[in-house]
Amino acid sequence: MLFYVSLMTLDEENQEFVGQLYEKHKKKIYEIAYAILKNRHDAEEIVDEVMINVIDNVEKFVQSDGNETLAQLVIYSRNAAINLYKVKKRRSANEIPFTYLNEEGDNEDIEIEDDAPGMDDVLLSKENSEIVARYVKQLTLEQQDAIMLVYTLGYSNVEAANVLGISSNAVGMRLFKAKKKLIEIGGDELHELV
């Protein structure tokens with residue numbers, strides 16, 4: 001229901017666009033959520049949550065083609081369902097926030113420097129993309145999602161963090177570990193691309 005209220009905040013053109021996305025993809029979003037949550041009510045809640053995220057990021061979806069849109073929705077759906085599952089099962093998050101107590105006694109995020117080779121350079125050509133994609137499939141789903149959002153779909157670490165339900169530092173760490181693993185498993189073939 002909140003989805004429909006949020007939808008009214010958009011201009012008419014974007015309302016129509018998001019409405020069409022909803023009608024076209026609501027079943028797929030529901031199926032992904034239900035497969036994880038095994039609960040009809042929770043899966044319906046995820047459909048609303050995902051569509052609210054679409055509204056919040058409507059510019060990214062308007063600029064995407066059909067395959068990118070579906071990829072974004074799958075990532076949004078899977079992560080929203082996993083996050084709800086964790087909350088329902090009272091599991092603590094896997095991500096350990098990188099924070100410290102500053103002089104005022106407040107928690108402050110620590111920025112992690114990433115000196116790994118730039119993936120933007122690696123992903124320039126279709127041939128390179130196919131080579132990298134072969135190795136990306138060997139990464140964890142969490143790492144694949146981070147790479148898809150940041151390097152393929154152009155999200156910032158903060159935007160990706162919002163989608164994934166983790167801190168931006170955790171996104172940076174996933175990307176760092178993913179790049180390190182890609183170089184490890186890709187060896188000379190990926191080194192030549194960089």
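The values are calculated or read from the model by the stated rules, or taken from the named source; none is laboratory data. Here the structure is a predicted model, which is why all the values come from computation and not from measurement. Note that each Cβ is placed from the backbone with ideal geometry, even for glycine, and that neighbours are counted across all protein chains shown. Protein only, heavy atoms only, side chains kept; ligands, DNA and RNA dropped before computing areas. Shrake-Rupley method; radii C 1.70, N 1.55, O 1.52, S 1.80 Å.
So that you can scan it fast, the table gives a plain yes or no per residue for (1) free of Cβ contacts under 8 Å to residues at least 60 places away in the same chain; (2) part of a helix (DSSP H, G or I); (3) open to solvent by 60 Å² or more (accessible area, probe 1.4 Å):
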residue	(1), (2), (3)
10	yes, no, no
15	yes, yes, no
23	yes, yes, yes
27	yes, yes, yes
53	no, yes, no
76	no, yes, no
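Taken together, the residues in region 145-167 that are open to solvent by 40 Å² or more (accessible area, probe 1.4 Å), touching a residue at least 24 places away in the same chain (Cβ under 8 Å), part of a helix (DSSP H, G or I) and more than 20 Å from residue 46 (Cβ to Cβ) amount to 2.
Checked against the criterion of being under 20 Å from residue 165 (Cα atoms) and hydroxyl-bearing (Ser, Thr, Tyr), region 24-37 contains one or more residues that satisfy it. Checked against (1) at pLDDT 85 or above; (2) closer than 29 Å to residue 52 by Cα, residue 151 passes all but a single condition, namely (1). The residue pairs whose first member lies in region 170-194 and is of a type in the set (Val, Ile, Thr), whose second member is modelled with pLDDT of 75 or more, and whose beta carbons are closer than 6 Å, counting only pairs six or more residues apart or on different chains, are 171/146; 171/157; 171/160; 171/161; 185/135; 185/138.
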